[in-house]
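A quick write-up on the structure given underneath.
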């Protein structure tokens, strides 16, 4: 589990450009073992710092306008093992070990629909 001090978390946050909707960075969530992309979300400064200091994935919900601990209602928490920052400083890649399905539909990944879904008559 990745956990850092509040000082280190704030230093990392200071290096990011929270330039996307509602002052967020894009967060790509990936399985630490399989490397499968599980979901894409948003993190504001608070979500990033909470993620880094607790070791559990926190996101900013654009629709609810609030901080969100992933798994808070389902129990399917996401344990963080690594976090990387992209070259522009406006997106992060978060490697997690999922405690269950990450998608609200009950699927392991949010990317379960292939193109055939859109090509059927």
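Coordinate-derived values only; no laboratory data. All figures in this text were calculated on a predicted structure; none of them were measured in a lab. Here Cβ is always computed from backbone atoms with ideal geometry, including for glycine, and neighbour counts include all displayed protein chains.
What pairs come up if the first residue lies in segment 46-61 and is in contact (Cβ under 8 Å) with a residue 40 or more places away in the chain, the second is buried (at least 24 other Cβ atoms within 10 Å of the Cβ) and not in a helix (DSSP H, G or I), and their beta carbons are under 8 Å apart, counting only those six or more places apart or on different chains?
Pairs found: 48/25; 48/58; 51/43; 51/57; 51/58; 51/94.
Among the residues of segment 1-14, is there at least one that is within 22 Å of residue 109 (Cβ to Cβ) and in contact (Cβ under 8 Å) with a residue 24 or more places away in the chain?
yes
I need a count of the residues in segment 32-41 that are under 12 Å from residue 57 (Cβ atoms), out of contact with any helix residue (DSSP H, G or I) (no Cβ under 9 Å at 6 or more places or on another chain) and not in a loop (DSSP other than H, G, I, E, B).
2
Anything in segment 50-65 that is surrounded by 13 or more Cβ atoms within 10 Å (Cβ to Cβ) and either out of contact with any helix residue (DSSP H, G or I) (no Cβ under 7 Å at 6 or more places or on another chain) or closer than 17 Å to residue 86 by Cα (or both)? List them, or say none. Break it down into steps so the answer makes sense when it comes.
Our first condition is that a residue be surrounded by 13 or more Cβ atoms within 10 Å (Cβ to Cβ); within segment 50-65, this holds for 50-62.
Once the filter is applied, which keeps residues that are surrounded by 13 or more Cβ atoms within 10 Å (Cβ to Cβ) and either out of contact with any helix residue (DSSP H, G or I) (no Cβ under 7 Å at 6 or more places or on another chain) or closer than 17 Å to residue 86 by Cα (or both), segment 50-65 yields 50, 51, 52, 54, 55, 56, 61, 62.
Give me the pairs, please: first residue somewhere in segment 64-80 and on the phi > 0 side of the Ramachandran plot, second residue anywhere and in a strand (DSSP E or B), beta-carbon distance under 7 Å, and either six or more positions apart or on two chains.
71/78
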